[in-house]
Amino acid sequence: MSEVHDSGDIGQSLAYICEKHDREPRRLLQILIDVQESCGFVSSEAITVIAQSLGLPRVQVEGAAGFYSFLPLAPAGRYRVLFSDDVTDRMLGSQELMRHFCNRLWLEPGKVSEDQAASADFTSCTGMCDQGPAGLVNGWPVTRLNRERIDLIADLILDRVPVSHWPPMLFQVDDNIRRTGMLLGEAFEPGSAIRALRARGPGGPEAMMAELKTSRLRGRGGAGYSTADKWAHCRESPGTARYIVCNADEGEPGTFKDRVLLNSYADLVFEGMTVGARLMGCAKGFLYLRGEYRYLREKLERILARRRGEGLLGTGIAGEAGFDFDIEIHLGAGAYICGEESALIESLEGRRGRPRNRPPFPAAHGYLDQPTVVNNVETLAFVSMIALDGGKHFAGTGTGESSGSKILSISGDCARPGIYEYPFGTPVQEILDDCGAEEAYAVQVGGPSGVLVSWKEFGRRISFEDLPTAGAFTIFGRGRDILQAVQNYVHFFAHESCGFCTPCRVGTQLQKKIVEKIAGGHGTASDLEELKHLGHLMRTMSHCGLGHTAPNAVLDMLEKFPGAYEQKLGSLSFEPAFDLDAALETARRITGRDDPWAHLPRQP
């Protein structure tokens, strides 16, 4: 377990780190992460040295460092404690625990202590919703926080005990697999999917592509695009190299299934990548691992090393001449937007994770401008199963437009939070019964960017044609304040917007201010109308999916839980929640229209 050290001879330390990464500009983020882990923060001096070493403009290095929330540019103390601020953590009392921790150490949230020993702050969802309240200490997850554990952590910090010597129970992370199916319930022998591919003979890759087509496998990351079509596009696109990327940047609040797959089913995932590499002619693959799952890296590196030793990675895989492929793990550093595939590729290339203009799509022009496929962890695990059992077997489960099964990350007001696998088409009510959600009032399916389901809609089904989801299934029981949940969601999007486009950058901030005004009891009826109009603008004018989906929770709750807002309204006179003239002028610049909302449907 790494520790934060004094910088000492920073020049020598930085030279070693840059040399370890071959002074390669594409490795900039990994270099910055190593500097942060070694020194505790990325100093101005470090930025200058790195820029000179890599031959990059200093502003580019500083811009990349400032983009990622896990790379502080000022000292954060020997112990940097971050409390997860997901809505489920709040439901379990994380805010009170944060206050108690700060009182014990005489800390002011967001600032480092006077002796530079510790700091405390909130961070976005850490992917531990089934065992919260949770947090991170120097990047390492701590789970099941309560007053006793907070006191223990405070004592360890006051006694200056290195994090590597803390009791292991603080860092225990469980899989909590509650229900298995066609993926989680099957034993898998490493190499079996590759052997099945080879057993199809000289035409194995073509036959496997046909199996994928038959399976109707769709991406499990949320968008639901046909895997076979994406892979065919990549294979047919001209290029000097091709790449396959596993998107393990599981940043959607309430989602933690990919963490479990990587912890206990990594061979399925790596083998799915290897099968894909054979089909598309890729020699290189990347696992983009979110910063919150840094603790899994050593385990995953050992699995990759074992697979190389078994001839399942490297040169001449499974004895087939010319079948050369290997996988590199690339760490993220706390940026939700990097879950978007083009932003992820930008991050892989060492830059800020900002979404690219599309077209062209990554399948034609991706990593290093070469054909690249980016697939979700769960999608690639299913590829291995399809290679073994065939596309027809896979397509025999699910619905007409949603074949196979779906893994759900269930948390919130239920007796048994954890991982559940269901065939597509399973109704919400059945899932609630299974996890012990006896007093369910609402469910947020797919996280804040997904769909809110009220108690009147529990007959709806998990599927692409009804309730699509990347995996989050957050339950709110009767008595929960739905407005508090939406406050948490709008704060999340305002914090995570990359700032590239005005509709999202400004819209998420305005949305947050209006919701805060209403929650504070100062809202008006006109504020509700403004939220609707603002939501339509963000959905239609934003550059990428973050801006398109950021208003979802607000608009769904306005429609399905109007009482949560209306009971907070103050005077019904028009009291703008923001400078409307300035907002209109911004919208006019974006749209080029005198009335930027004229083309949008108005709510009655």
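From the list 496, 529, 559, exactly one residue is within 30 Å of residue 424 (Cβ to Cβ) and surrounded by fewer than 18 Cβ atoms within 10 Å (Cβ to Cβ). Which is it? Break it down stepwise before answering.
Details: 496 fails: surrounded by fewer than 18 Cβ atoms within 10 Å (Cβ to Cβ); 529 fails: within 30 Å of residue 424 (Cβ to Cβ).
Only one candidate qualifies: 559.
Let's see how each residue does on (1) of a type outside the set (Gly, Ala, Ser); (2) in contact (Cβ under 8 Å) with a residue 24 or more places away in the chain; (3) farther than 20 Å from residue 336 by Cβ:
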position	(1), (2), (3)
213	yes, yes, yes
228	no, no, yes
249	yes, yes, no
259	yes, yes, no
267	yes, yes, yes
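Restricting to helices (runs of 4 or more DSSP H) lying wholly in the stretch 1-113: which have 2 or more residues that are closer than 21 Å to residue 292 by Cβ, polar (S, T, N, Q) and under 26 Å from the mean Cα position of the chain (by Cα)? Break it down into steps so the answer makes sense when it comes.
Working: elements: 10-20, 28-39, 44-54, 58-67, 87-91, 94-105.
By residue number, 28-39, 94-105.
Taking the options 479, 447, 436, 425, name whichever one is on the phi > 0 side of the Ramachandran plot and under 23 Å from the mean Cα position of the chain (by Cα). Don't jump to the end; show me each part of the working.
Values: 479 fails: under 23 Å from the mean Cα position of the chain (by Cα); 436 fails: under 23 Å from the mean Cα position of the chain (by Cα); 425 fails: under 23 Å from the mean Cα position of the chain (by Cα).
Only one candidate passes the filter, namely 447.
Give the number of residues within the stretch 69-86 that are buried (at least 23 other Cβ atoms within 10 Å of the Cβ), more than 26 Å from residue 165 (Cβ to Cβ) and touching a Gly at 6+ places or on another chain (Cβ under 9 Å).
Total satisfying the criteria: 1.
When you look at residue 367, is it closer than 27 Å to residue 24 by Cα, touching a Leu at 6+ places or on another chain (Cβ under 7 Å) and not polar (S, T, N, Q), yes or no? Explain how you work it out, then say what you get.
Numbers: closer than 27 Å to residue 24 by Cα: yes; touching a Leu at 6+ places or on another chain (Cβ under 7 Å): yes; not polar (S, T, N, Q): yes.
Considered against the rule, which asks whether it is closer than 27 Å to residue 24 by Cα, touching a Leu at 6+ places or on another chain (Cβ under 7 Å) and not polar (S, T, N, Q), residue 367 comes out as yes.
What is the residue count in the stretch 152-167 for residues that are assigned to a helix (DSSP H, G or I), open to solvent by less than 50 Å² (accessible area, probe 1.4 Å) and free of Cβ contacts under 8 Å to residues at least 40 places away in the same chain? Quick ask: steps written out before the conclusion?
Filtering the stretch 152-167 down to residues assigned to a helix (DSSP H, G or I) leaves 152-158, 163-165.
Next, only the ones that are open to solvent by less than 50 Å² (accessible area, probe 1.4 Å) stay: 153-154, 156-157, 163.
This time we only want the ones that are free of Cβ contacts under 8 Å to residues at least 40 places away in the same chain, so: 156.
Counting residues in the stretch 152-167 that are assigned to a helix (DSSP H, G or I), open to solvent by less than 50 Å² (accessible area, probe 1.4 Å) and free of Cβ contacts under 8 Å to residues at least 40 places away in the same chain gives 1.
Filter the stretch 136-151 down to the residues that are more than 15 Å from residue 162 (Cβ to Cβ) and not in a strand (DSSP E or B) and list them by number.
Selection gives 143, 144, 145, 146, 147, 148, 149, 150, 151.
Looking at the structure I just gave you, is residue 176 under 28 Å from residue 309 (Cα atoms) and either in contact with a helix residue (DSSP H, G or I) (Cβ under 7 Å, 6 or more places away or on another chain) or crowded, with 23+ Cβ neighbours inside 10 Å (or both)? Break it down into steps so the answer makes sense when it comes.
Numbers: under 28 Å from residue 309 (Cα atoms): no; either in contact with a helix residue (DSSP H, G or I) (Cβ under 7 Å, 6 or more places away or on another chain) or crowded, with 23+ Cβ neighbours inside 10 Å (or both): yes.
No; evaluated as a whole, the condition is false for this residue.
Looking at (1) open to solvent by 10 Å² or more (accessible area, probe 1.4 Å); (2) under 24 Å from residue 192 (Cβ atoms); (3) touching a Leu at 6+ places or on another chain (Cβ under 9 Å), can you tell me which one residue 241 breaks?
(2)
Give the residue, chosen from 294, 302, that is basic (Lys, Arg), open to solvent by 10 Å² or more (accessible area, probe 1.4 Å) and touching a Gly at 6+ places or on another chain (Cβ under 6 Å). Break it down stepwise before answering.
Numbers: 302 fails: touching a Gly at 6+ places or on another chain (Cβ under 6 Å).
When all the criteria are applied, what remains is 294.
Only one residue in 569, 534 is open to solvent by less than 20 Å² (accessible area, probe 1.4 Å) and out of contact with any Phe, Trp or Tyr (no Cβ under 9 Å at 6 or more places or on another chain). Which one? Break it down stepwise before answering.
Working: 569 fails: open to solvent by less than 20 Å² (accessible area, probe 1.4 Å).
So the residue among 569, 534 that is open to solvent by less than 20 Å² (accessible area, probe 1.4 Å) and out of contact with any Phe, Trp or Tyr (no Cβ under 9 Å at 6 or more places or on another chain) is 534.
Would you please name the residue that is farthest from residue 190 (Cα to Cα), looking only at residues in the stretch 313-341 that are part of a helix (DSSP H, G or I) and either without any contact (Cβ under 8 Å) to a residue 24 or more places away in the chain or open to solvent by 20 Å² or more (accessible area, probe 1.4 Å) (or both)? Steps first, answer last, please.
Initial filter on the stretch 313-341 (part of a helix (DSSP H, G or I)): 317-319, 336-339, 341.
From what's left, either without any contact (Cβ under 8 Å) to a residue 24 or more places away in the chain or open to solvent by 20 Å² or more (accessible area, probe 1.4 Å) (or both): 318-319, 336, 339, 341.
Values: 318: 11, 319: 15, 336: 32, 339: 28, 341: 28 Å.
Among them, the one singled out is 336.
If residue 37 satisfies every condition in (1) out of contact with any Pro (no Cβ under 9 Å at 6 or more places or on another chain); (2) open to solvent by less than 20 Å² (accessible area, probe 1.4 Å); (3) in contact (Cβ under 8 Å) with a residue 40 or more places away in the chain but one, which is the exception?
Unmet for residue 37, out of (1) out of contact with any Pro (no Cβ under 9 Å at 6 or more places or on another chain); (2) open to solvent by less than 20 Å² (accessible area, probe 1.4 Å); (3) in contact (Cβ under 8 Å) with a residue 40 or more places away in the chain: (2).
May I ask you to list the residues in the stretch 98-109 that are open to solvent by 20 Å² or more (accessible area, probe 1.4 Å) and touching a Pro at 6+ places or on another chain (Cβ under 9 Å)?
If the condition is that a residue be open to solvent by 20 Å² or more (accessible area, probe 1.4 Å) and touching a Pro at 6+ places or on another chain (Cβ under 9 Å), then 99 is the only one that fits.
Could we say that residue 267 is under 18 Å from residue 382 (Cβ atoms) and charged (D, E, K, R) here?
On the way: under 18 Å from residue 382 (Cβ atoms): yes; charged (D, E, K, R): yes.
Yes, satisfied.
Please tell me if residue 271 is modelled with pLDDT of 95 or more, out of contact with any strand residue (DSSP E or B) (no Cβ under 9 Å at 6 or more places or on another chain) and surrounded by 24 or more Cβ atoms within 10 Å (Cβ to Cβ). Show your work before the answer.
Working: modelled with pLDDT of 95 or more: yes; out of contact with any strand residue (DSSP E or B) (no Cβ under 9 Å at 6 or more places or on another chain): yes; surrounded by 24 or more Cβ atoms within 10 Å (Cβ to Cβ): yes.
In short, yes.
Please pick out the residue among 135, 203, 222 that is of a type outside the set (D, E, K, R), without any contact (Cβ under 8 Å) to a residue 24 or more places away in the chain and farther than 16 Å from residue 386 by Cβ.
203
Go through the residues of the stretch 369-382 one by one and say whether even a single one is touching a Ser or Thr at 6+ places or on another chain (Cβ under 7 Å) and surrounded by fewer than 21 Cβ atoms within 10 Å (Cβ to Cβ).
Yes, because at least one residue in the stretch 369-382 is touching a Ser or Thr at 6+ places or on another chain (Cβ under 7 Å) and surrounded by fewer than 21 Cβ atoms within 10 Å (Cβ to Cβ).
Restricting attention to the stretch 226-247, does a residue exist that is assigned to a loop (DSSP other than H, G, I, E, B), modelled with pLDDT of 95 or more and polar (S, T, N, Q)?
Of the residues in the stretch 226-247, the ones assigned to a loop (DSSP other than H, G, I, E, B) are 237-242.
Imposing the further condition that a residue be modelled with pLDDT of 95 or more reduces the set to 237-242.
Then keep just the ones that are polar (S, T, N, Q); that gives 237, 240.
Yes: one or more hits.
The values are calculated or read from the model by the stated rules, or taken from the named source; none is laboratory data. Given the structure is predicted, the values throughout are model-derived calculations rather than measurements. Note: ideal-geometry Cβ built from the backbone for every residue, glycine included; neighbour counts use all protein chains shown. We work out accessible area using only protein heavy atoms, side chains counted, and drop any ligands, DNA or RNA first. Shrake-Rupley method; radii C 1.70, N 1.55, O 1.52, S 1.80 Å.
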